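Okay, structure first, notes after.
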Amino acid sequence: MTNLFNYIDRSSPIHRLTGATKFVCLLLWSFAAMSTYDTRMLLALALLSFALFRLSKIGLRDVRFMLGFTATFMVINNILVYLFSPQHGTEIYGTSHILLGSGRYALTQEQLFYHLNYFLKYLATIPIVLLFVSTTNPSEFAASLNKLGVKYSVAYSVALALRYIPDVQLEYHEISQAQQARGIEMSKKASLVSRLRSASSILIPLILSSMEKIEVVSNAMELRSFGKHKKRTWYMGRPFRAADVASMVFCVLLVALAFTLNHINGSRFYNPFR
Amino acid sequence: MDPILRFESFTFQYSSQAEPTVFDISFSVSRGEKILIAGPSGCGKSTLANCINGLIPFSYKGESTGRVTLNGRETKDLSIFEISKVVGTVLQDSDGQFVGLTVAEDIAFALENDCVADPELHERVRSVAELVDVATHLGHAPGELSGGQKQRVSLAGVLVDDVDILLFDEPLANLDPATGKQAMELIDEMQKKTGAAVIIIEHRLEDVLHRDVDRIILMRDGRIIADAPPDELLSGPLLTETGIREPLYITALKYAGAEITPDMLPHSIRTVVLSDEVKEKVREWYRAMPPAPPAEAMPELLTVRDLSFTYPSGHRALKGITVSIRRGELTAVVGTNGAGKSTFAKVVCGFELQQQGTVALEGQDMMALSIKERADRIGYVMQNPNQMISKVQIFDEVALGLRTRGVPEEEVTARVEDALQVCGLWPFRSWPISALSFGQKKRVTIASILVLEPDMIILDEPTAGQDYRHYTDIMEFLTELNARGITVCMVTHDMHLMLEYARRAIVFSGGEIIADDTGANILTDEAIIRRASLKETSLYDLALRCGLDSPRDFVQRFIDYEREAVRK
């Protein structure tokens, strides 16, 4: 079974950053990549994210499920953009250099360039998301969120949710098998409506048995002094170091650069056709 | 010495209940004592545990009279956190108790909440981990641990605080027999190392008595009906009257007509004094019992040949399994966690597809059948009924499988009513499921499978989480179904079940079948007991101590006698 949040324990400079640093960097980085269509910057971000991936010692094999998933999504997304808006590039860049065909679906250099940028945006962000997911230990993440000022009950519930994801996945799988045996059709043979109705026969038991577990866990936590003080310490906590500060400063600069480029270009797009 | 814990005519009533759950409770516990609190489900023993650890009155609200004092201070004047520094609770479900992502974090949890900082934090975690022998697993996730290891971690999690009382809520519920035995040894060892008082809440009397207990507090209907040393209680009729299973060797001695007295030290098969007169009585009883006639052989129903299954993770769960089950059999599939018994059930039901080998029903290969089609012939009942129930009304829940199969509504009504009758749910037919007890919900799930009229039903741990009386109810019910011609196969780690109810036990270990025999033969075979993490039955020891030359036959005749003479 594939686990979405899959922390992979390796020893690398990326792993050594605190979870909160990585989380802040992820937000800043994505914000920078989202806010600009400057091809040069996107290319640089994409190359840099690949380099960081290498540095983290996470192999492509380790993240192949997520990678496959996003790659498929990216391809579908690009095709849909072309189908619905084949002259989007021309609208943006203001010129039209036709390569093939004519009429509405005439393929223009501008459209291709737009798709290249679109593609680069994915390349600039996806590796960073995967990097965050696979190099962040959930407990350490909770600890560092708490250090950044997030209330520890909130931070701990994040870690606890991550802790229970595999259990809930497993239980969903087991309930689904038993319900299918009773004749609940979950395969593509059934219509969407009946599949939604069938899903309730899995979700209701799942929710009920999760509620039971929540009562047990909250009792267990209370019996071991959770909530006693305004503060708590963290076994997995790590101090913020120079590298953490440097990484966050670097990502702030990236956002600044993106805005500067947008200002220089006069729009979010870098236009080679003018 | 002053007692650590004292109850003085304490009564408690939950806000949501019309009547008190525990009445007029008075007892006390001193440092270094070991107490067993026993009683059937619903007798109030869990409520009593919650009163000791502070969940009552701090998490569950209600009215109380009388006093509960810890080290001379009333618990209601303390906070739940102060109480948890004195009482360490190990909950029944060690999975649920596990709040940390890894062993180390789980042990550290209470320390973190007390703001213990490094380096003390890491040092204390390490030293407690060494105490309970899990230091080599500090970085492991709960899912990677065995049941016994999880319990060690749970215990470490409360031992990090220097508690005066260790409270165990059904510590044996999720453990296989051998691990349960080790758990009792561990509790004993920790008590000796820490000097804490130990309170164990359990109904598996014989298993708890594997290590000495100072007193047994027996509860019934919310009241304490006895507070006495084990030898005294075992000599009287109170235990059996309350629905607590007495140790098997004591039952056997009683069948043989021997009188049990406290000076015989009956609390353990190792200590019990057997006079020559008693031994002769046991031998006489054995000779007078006729051997049961062999069951007549029925045609094969399920035939499994050379079955192998490997999970995508690379774990080889089943290796070359060949076995057949005959129509009308009542079989137990036993083994430790990870032995392959559950995977076997899943492959037979078609939830997982084998890489090699065949599963055939009445000679017909089932490879091509979908999960749903197989379910028409082989029904599967999950361990926790809440994992199966998705409707509000009993009738709808039982009817679900028929309706999804497009059976006409008149026929649905007839068949559901029939299934409700068979399962003893007829009086409750118009009740919502939420109003039913755990055991009744279990029956609902069994009814919802039976209504599909399968040839065979497979049940995962049918007796889990039930006391002796409800356990007996469920098993008698399954025996009745079996007598109606339904083939029953139970996946279990319960020894009593395999010994007393199953005609045949198939033992899995490391993905292979290591034994396929009667329960009596398996539970007297040392090599198999060791490999499958089972425990020798005390009947075997009794037979040896009475000088019987065939202890196996003695065990078998005891079971036959129970089945024939006692239950009817």
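Any read-out appearing in this document is the output of simple, stated calculations on the displayed coordinates, not a laboratory observation. On a predicted model such as this, the values are computed, not experimentally measured, just so you know. With ideal geometry, Cβ positions are generated from the backbone for all residues, glycine too; neighbour counts draw on all protein chains shown.
By how many degrees, 0 to 90 and rounded to 10, does the Cα axis of helix B:394-404 deviate from the longest principal axis of chain B? For helix B:394-404, the angle is close to 40 degrees.
Geometric descriptor of the stretch B:19-124, per residue, is 147 Å³ (volume of the convex hull of the Cα atoms). Here the stretch B:206-293 is described by how far its Cα atoms reach on the three principal axes: 44, 28, 20 Å, from widest to narrowest. Each label was represented as a point 7 Å from its Cα along the Cα-to-Cβ direction; for B:Glu8 and A:Phe250 these points are 6.8 nm apart. When the trypsin sites (Lys or Arg not before Pro) in the stretch A:212-264 are filtered for DSSP coil states and for at most 15 other beta-carbon atoms within 10 Å of their beta-carbon, the remaining sites are A:Lys230, A:Lys231, A:Arg241.
Is the stretch B:7-80 best put as rounded, prolate or oblate by its Cα gyration tensor, with a ≥ b ≥ c the root eigenvalues, rounded for a/c under 1.5, and otherwise prolate when a/b is larger than b/c, oblate when not? Taking the square roots of the gyration eigenvalues as a ≥ b ≥ c, the stretch B:7-80 is oblate. Remark: relative contact order (chain A) = 34 percent; criterion is Cα-Cα distance under 8 angstrom and separation of 6 or more residues. Taking the Cβ-Cβ separation of A:Arg64 and B:Ser308 as r and a Förster radius of 25 Å, what is the calculated FRET efficiency to the nearest 0.05? E between A:Arg64 and B:Ser308, to the nearest 0.05, is 0.40. Counted over chain A with a bin width of 10 Å, the fraction of Cα pairs per bin, in whole percents, is 6, 20, 24, 23, 18, 7, 1, 0. Inverting the pair-averaged 1/r between distinct Cα atoms of the stretch B:94-162 gives 11.5 Å as its Kirkwood hydrodynamic radius. Eigen-decomposition of the gyration tensor built on the alpha-carbon atoms of the stretch B:158-305 gives equivalent ellipsoid semi-axes of 33, 25, 15 angstrom, largest listed first. Remark: the stretch A:107-120, residue by residue, has Karplus-estimated 3J(HN,Hα) of 7, 10, 4, 4, 5, 4, 5, 4, 5, 4, 4, 4, 4, 5 Hz, where x stands for each Gly or Pro and the curve is 6.51 cos²θ - 1.76 cosθ + 1.60 at θ = phi - 60°. When Rg and the Kirkwood Rh are both derived from Cα coordinates, the Rg/Rh ratio for the stretch B:441-536 amounts to 0.98. A convex hull fitted to the Cα coordinates of the stretch A:163-231 yields 110 cubic angstrom per residue. When only alpha carbons are used to place a centre, the stretch A:157-231 and the stretch B:202-246 end up 38 Å from one another. Of A:Ser35, A:Ser209, A:Ser153, the residue with the greatest mean-square motion in the GNM of chain A, using alpha carbon springs below 10 Å, is A:Ser209. With only Cα atoms counted, the stretch B:41-198 has Rg and Dmax values of 15.8, 48 Å. Once you sort the root eigenvalues of the Cα gyration tensor of the stretch B:320-367 as a ≥ b ≥ c, which label holds: rounded (a/c under 1.5), prolate (a/b larger than b/c) or oblate (the other case)? Here the stretch B:320-367 falls in the oblate category.
Dividing the summed helix terms, -39500 (n - 2.57) for each DSSP H run of n ≥ 4, by the number of residues in chain B produces a 222 nm estimate of -11000 deg cm²/dmol to the nearest 500. Calculate the length of the line joining the C-alpha centroid of the stretch B:457-475 to that of the stretch A:81-152, in whole Å. After rounding, the separation between the Cα centres reads 56 Å.
Applying the Kirkwood pairwise sum to the alpha-carbon positions of the stretch B:136-221 produces a hydrodynamic radius of 13.9 angstrom. In terms of distances greater than 32 angstrom between alpha carbons, the cross-link table entries B:Lys372/B:Lys535; B:Lys150/B:Lys341; A:Lys230/B:Lys391; A:Lys230/B:Lys76; A:Lys213/B:Lys181; A:Lys147/B:Lys150 yield B:Lys372/B:Lys535; A:Lys230/B:Lys391.
Over all distinct alpha-carbon pairs, what is the Kirkwood Rh of chain B in angstrom? Final number for the Kirkwood radius of chain B is 25.7 Å.
Relative to the Cα centre, the charge distribution of the stretch B:1-122, modelled as +1 at Lys and Arg Cβ and -1 at Asp and Glu Cβ, gives a dipole magnitude of about 520 debye. Estimated from the Cβ-Cβ distance and a Förster radius of 35 angstrom, the FRET efficiency linking A:Ser85 and A:Val150 is about 0.30. With a Förster radius of 60 Å applied to the C-beta separation of B:Glu296 and A:Asp9, the computed FRET efficiency comes to 0.55. Helix A:152-181 and the longest principal axis of the Cα set of chain A meet at an angle near 90°. Divided by 2.2 N^0.38 Å, where N counts the residues, the Cα radius of gyration of the protein assembly as shown comes to 1.12.
Taking the longest Cα principal axis of chain A as reference, the axis of helix A:242-265 is set at about 30 degrees.
The C-alpha atoms of the stretch A:82-158 occupy a region whose extents along the principal axes are 61, 20, 18 Å, arranged from largest to smallest.
Working value for the stretch B:254-332: equivalent-ellipsoid semi-axes of 46, 23, 9 Å, each the square root of 5 times a Cα gyration tensor eigenvalue, largest first.
Let a ≥ b ≥ c be the square roots of the eigenvalues of the Cα gyration tensor of the stretch A:143-274; is it rounded (a/c under 1.5), or, if not, prolate (a/b larger than b/c) or oblate? In terms of gyration-tensor shape, oblate.
Just how far, in whole angstrom, is the stretch B:363-389 from the stretch B:13-86 if you go by their alpha carbon centroids? Taking the Cα centre of each part, the stretch B:13-86 and the stretch B:363-389 sit 44 Å apart.
In whole Hz and in residue order, list the ³J(HN,Hα) couplings for the stretch B:452-467 that follow from phi through the Karplus curve 6.51 cos²θ - 1.76 cosθ + 1.60, θ = phi - 60°; x for Gly and Pro. Values per residue, Gly and Pro as x: 7, 6, x, 6, 8, 10, 10, 10, 8, 6, x, 9, 4, x, 10, 7 Hz. Couplings for the stretch A:88-95, taken from phi via the Karplus curve 6.51 cos²θ - 1.76 cosθ + 1.60 with θ = phi - 60°, read 4, x, 5, 4, 6, 8, x, 10 Hz in order; Gly and Pro are left as x.
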